[in-house]
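Remarks on the structure that follows.
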Amino acid sequence: MKKNEAAPKGSKTKILLVDDDNDFITINKTVLEKAGFAVSVAYNGEEGLKKAQNERPNLIVLDVMMTHQTEGFNVSREIRNNAETKEIPLIMVSSVNDTVPWKFEPDETWLPVDSFIEKPISPERLLDEIRKRVKD
C-alpha cells in the first residue's frame, strides 16, 4: 500500500509495533486494537524487518534502542531502501535523546522516518499520531 492509502474495504488497517519494551507493546497493542486496528508486534529490529516485508503493514511504530543503541536507526534505513517497504509510514518513538548529547530529527538519508516522538508517550497521543498517518 502507498503512504496514506486506505486499507481495502472489509480489512483492518495493520500496524506493526517494533519495540523491546513489553509494557510499551502490551499497552499500545491493547489501545490500538480497541481503536479498530490490526496489530502485529516485533521485539527487535531483525524480527521487525521480516514482519515489515512479509506482512506489509500500513504503518510501523519503531523504537531505536533495542538489541543495540542504534538498531532502530539502521532498521529505518533498511525499510526505506527496500522497494517493497519504502512507502510504509514510519513513526519512531524513543528516549534515545535522553541518553546522548544531541537531538535526532527526521531527515531523508540518516533518519528517514515520518515523525520522531520522544518517550514517554501516552497511548492516546500515539493513537492520534497514527491516525494522522493512515486512513483507517
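The values are calculated or read from the model by the stated rules, or taken from the named source; none is laboratory data. All figures in this text were calculated on a predicted structure; none of them were measured in a lab. Cβ atoms come from the backbone with ideal geometry, glycine included; neighbour counts cover every protein chain shown.
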Selection from the stretch 1-16 of residues that are more than 19 Å from Arg77 (Cβ to Cβ) and modelled with pLDDT of 95 or more:
Thr13, Lys14, Ile15
In the stretch 10-30, anything surrounded by 15 or more Cβ atoms within 10 Å (Cβ to Cβ), polar (S, T, N, Q) and either over 20 Å from Lys132 (Cβ atoms) or in contact with an Asp or Glu (Cβ under 7 Å, 6 or more places away or on another chain) (or both) is listed as Thr13
Looking at the stretch 72-91 only, could you name the residues that are at pLDDT 95 or above and closer than 21 Å to Leu126 by Cα?
Val75, Ser76, Ile79, Glu87, Ile88, Pro89, Leu90, Ile91
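Being at pLDDT below 95, surrounded by fewer than 17 Cβ atoms within 10 Å (Cβ to Cβ) and of a type outside the set (A, V, I, L, M) narrows it down to one of Glu46, Glu118, Glu33, Glu55, so name that one.
Criteria check complete, one pass: Glu118.
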Are any of the residues in the stretch 101-110 at pLDDT below 80, of a type in the set (Lys, Arg) and not in a strand (DSSP E or B)?
yes
